[in-house]
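As structure tokens, the structure follows; a few thoughts come after it.
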Amino acid sequence: MKTPQETQKQSTGGAFLIRPAEGSNFPDSLFSEEEQMVLESVKEFVQREVQPLAEELEHQKEHSRSVALLEKAGELGLLGLGISEEYGGMPVSFTTSLKVVEEVGRVSEFSPTFGVQTSIGIAPILFYGSEAQKQRYLPKLVSGEWKSCYCLTEPDAGSDANSGKTRATPVEDGAAYLLDGQKMWITNSGFADIFIVFAKVEGDRNLSAFIVEKEFGGISLGEEERKMGIKGSSTRQVFFNDVRLPAENMLGKREEGFKIALNVLNNGRIKLGAAAIGTSKTAFDLAVQYALERKQFGSSISSFGAIQHKLAQMAVSIFALEAAMYLTGQFIDEKSAVLVAEGLSAEKAEVAAVSAYGIECAILKVFGSECLALVVDEGVQIFGGMGFSEDAPMARLYRNARITRIYEGTNEINRMLIVDMLLKKANTGELELLQAAKQVQEELTSNPLERKLAGDGTEAAFAILADLKKATLIILDAATQGLGRKLKEEQEVLMHVSDMIIQVYLLEAVLMKAENLIANGEETNTENIADISQVFLYESVEKIRQAGQEAILSFAEEEQRSLLLKGLKGFTKPHVFNIKDARRRIAAGMIAEGKYV
């Protein structure tokens, strides 16, 4: 791991767009012996305690099985990872907590229950609670004795959370509040003891946050929602009717709730992406095993090119998600170390570090949920008719995956947030985006951009990546300058530009991971790793070219349009190699192992 001084060079989110990322992207080397023991413990817990109950969790009544598993996870110390021993937790790196979430994510029937408790259920108190609040609530939440839920969404306030109508009215000369309102889609609410509630005080413009105990009274619940998927988790409406809250149960300061919600959601977004890795691997393994067993026309369907194409695409997406996930985890850990060295507490350092990489957290939420969508969809297709049957596990995984593109902020909202956060960093001078874009503009006007087709070596791959960053920069800058304040209204343009940014970050992570795995000799099948990086490189060029072209045609006119299209063409030359054979080799490597490796 780099020293805090070295980390200053790569200390904010979005920097990947204007300079090469610096990281090992080799997570196994980042775990201490104690952390390795934690990871072995969670793997054993998932394999022995959770996976055998997957089907039962789907049909349980009153979610008693989920509650029992949550309490068992608390006994094993898995609910308090990254939390000080003072509050009953176990200090580990942020990257370790991501790996734990990935492992639990292998069972999508339990993953949401675990995720809410350990992320958005505990994080608001851990990051923003007073010392008295931490002492009162964290030990019982970490042990699993108390369960928590996060109450933000309302019937008329989803993505626009700050427009919520739930009110907290001061009473008793400010010694208490009366809470009134309604929340919906609240995971874990059916058995929660603690409710993290966002409400407005009197005529405030912004939300405030409160810790509400079930024992305060005045809380009632709707019936369990009849959901498409994640039926193993409790989801209900929550009603607050003159709930009396002591004034000391406000989290943070008055009107700080919206900031708390945003920062906590960054944590939830990246961990949603981590859970998607685990579920994707489960779905992939099931698909490979079925492909090996299923015979058609006298042969295993795993020998068919069409099936191999699907398996390769699934594997490439999972690899990319893993690469970006643990690169980001490393950045967050290194940023935390810098902030601790500067005098911040571990808790405040972590929330600041996660916030600094809010762009990457949103990227991982979007790509993680869409990688999972691809994997389970192709998994159903490989299973054929059995994939559509509830007698096989793939249908359940398919249904459970669908929500991930909606909660923690829809993917559309997150795409627009990515651009918004980047531009805010540019406007404050935190990122020198405009200067970088200006240099690319000068290159465009002074050089004819007659590039040769790149080869398949590492140096050539990073050269292509550099060009893709230039393409993204000039289109982002042109859209910003050309549309000005109207850019926020042009959501299609924002999403095209966001897709370019997402693909650039993923590609950089993939190339770094492949390079490091091969260089460190940790992978015996170096050809498989090289093929994966080359396939993802090919796909990135094509996706960025298409997104860039649609963005340009949506806002640019005449001379500017011609110049931008010319630049885009020069920066997105086709990556020429035999992609069919590469995909077949990737699939063959996975088929030989019978699982994702």
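Taken together, the values in this text are just the output of simple stated rules run on the coordinates, not laboratory data. Nothing here was measured: the structure is a model prediction, and the numbers come from that model. Because the Cβ atoms are built from the backbone with ideal geometry, glycine has one as well, and the counts that use them run over all protein chains shown.
Given only helices, namely DSSP H runs of n ≥ 4 each adding -39500 (n - 2.57), what is the per-residue ellipticity at 222 nm of the chain, to the nearest 500 deg cm²/dmol? Present the calculation step by step, with values, prior to reporting the outcome.
Details: 20 runs with 340 residues, N = 597.
Helices in the chain give a 222 nm mean residue ellipticity of -19000 deg cm²/dmol.
Annotation: the residues SER233, SER143, sorted from fewest to most other C-beta atoms within 10 Å of their own C-beta, follow the order SER143, SER233.
The distance between label points at ASN520 and SER163 comes to 4.7 nm (points 7 Å beyond Cα on the Cα→Cβ vector). Each principal axis of the Cα cloud of the range 150-251 was evaluated for its coordinate range; sorted largest first, these ranges are 46, 29, 19 Å. Rounded to the nearest 0.05, what FRET efficiency is calculated for SER130 and GLU542 with R0 set to 41 Å and r the Cβ-Cβ distance? So the FRET efficiency works out to roughly 0.20.
Which order results if THR113, THR526, THR480, THR187 are arranged by neighbouring Cβ count within 10 Å, fewest first?
Values: THR113 27, THR526 14, THR480 19, THR187 23.
Fewest-to-most ranking of THR113, THR526, THR480, THR187: THR526, THR480, THR187, THR113.
A straight chain from GLU489 to HIS59 at 0.36 nm per residue would run longer than the Cα-Cα distance by 150.4 nm. Relative to the dominant Cα principal axis of the chain, helix 305-341 is inclined by about 60°.
Given a cut-off of 27 Å, what percent of all Cα-Cα pairs of the range 257-412 lie beyond it? Within the range 257-412, distances greater than 27 Å cover 35 percent of Cα pairs. Going down the list LYS253/LYS348; LYS43/LYS513; LYS227/LYS253, which pairs span over 27 Å between their C-alpha atoms? Pairs exceeding 27 Å: LYS227/LYS253. Full extension of the chain segment joining ALA460 with GLN51 gains 142.9 nm, where the gain is 0.36 nm per residue of separation less the Cα-Cα distance.
Normalising by the residue count of the range 432-578, find the relative contact order in percent from Cα pairs under 8 Å and 6+ residues apart. Show your work: numbers first, answer last.
Numbers: 138 pairs, mean separation 54.0, N = 147.
Relative contact order comes out at 37 percent.
Ranking ILE125, LEU39, VAL92 by Cα position along the charge dipole of the range 4-145, where only Lys, Arg, Asp and Glu carry charges on their C-beta atoms, puts ILE125 farthest toward the positive end. Neighbour counts of C-beta atoms inside 10 Å place HIS496, HIS575, HIS59 in the sequence HIS59, HIS575, HIS496, starting with the fewest.
The GLU430 and LYS259 beta-carbon pair, evaluated with R₀ = 30 Å, returns a calculated FRET efficiency of approximately 0.95.
What the pair-distance distribution of the range 432-578 shows, using all Cα-Cα distances binned every 10 Å from zero, is 11, 40, 31, 14, 4, 0 percent. In this calculation the C-beta distance from LEU221 to ILE406 is compared with R0 = 22 Å, giving a FRET efficiency of 0.55.
The Rg/Rh ratio for the chain is 0.97, where Rg is the radius of gyration of the alpha carbons and Rh is the Kirkwood radius. Which residue, chosen from ASN520, LEU444, PHE555, occupies the Cα position most advanced towards the positive end of the dipole of the range 417-566, where the dipole is computed from +1 (Lys, Arg) and -1 (Asp, Glu) charges on Cβ about the Cα centre? After comparing all options, I get PHE555.
Computed over the range 49-168, relative contact order equals 26 percent, with contacts defined as Cα pairs under 8 Å that lie 6+ residues apart. Within straight cross-link reach of LYS543, meaning Cα distance under 13 Å, which aspartates and glutamates are found once same-chain residues fewer than 8 apart are removed? Leaving aside aspartates and glutamates fewer than 8 places away in the same chain, those within reach of LYS543 are ASP499. Straightening the chain between LYS569 and GLU442 buys 44.1 nm, computed as 0.36 nm per residue apart minus the Cα-Cα spacing. What's the magnitude of the charge dipole for the range 257-412 around its Cα centre, counting Lys and Arg as +1 and Asp and Glu as -1 at the beta-carbon? Answer in Debye, nearest 20. The calculation lands at about 300 debye. Got a sec? Which residues in the range 562-597 would a label at GLU527 touch, if it sits 7 Å along Cα→Cβ and we count backbone N under 15 Å? Residues 578-593 qualify, since their backbone N sits under 15 Å from the label point. Diffusion coefficient (Stokes-Einstein, Kirkwood radius over C-alpha pairs, 4 °C, 1.567 mPa s) for the range 550-597: 92 µm²/s, rounded to a whole number.
Projecting label points 7 angstrom from Cα along Cα→Cβ for SER562 and SER303 puts them 5.8 nm apart.
Restricting attention to the range 12-103, which trypsin sites (Lys or Arg not before Pro) occupy a DSSP loop and are surrounded by at most 16 other Cβ atoms within 10 Å?
Values: sites: LYS43, ARG48, LYS61, ARG65, LYS72, LYS99; in loops: LYS61.
Within the range 12-103, the qualifying trypsin sites (Lys or Arg not before Pro) (loop, at most 16 other Cβ atoms within 10 Å) are LYS61.
Taking the DSSP beta bridges with both ends in the chain, the antiparallel portion is around 80 percent.
Principal axis extents of the C-alpha atoms in the range 4-145 (largest first, rounded to whole Å): 52, 37, 29.
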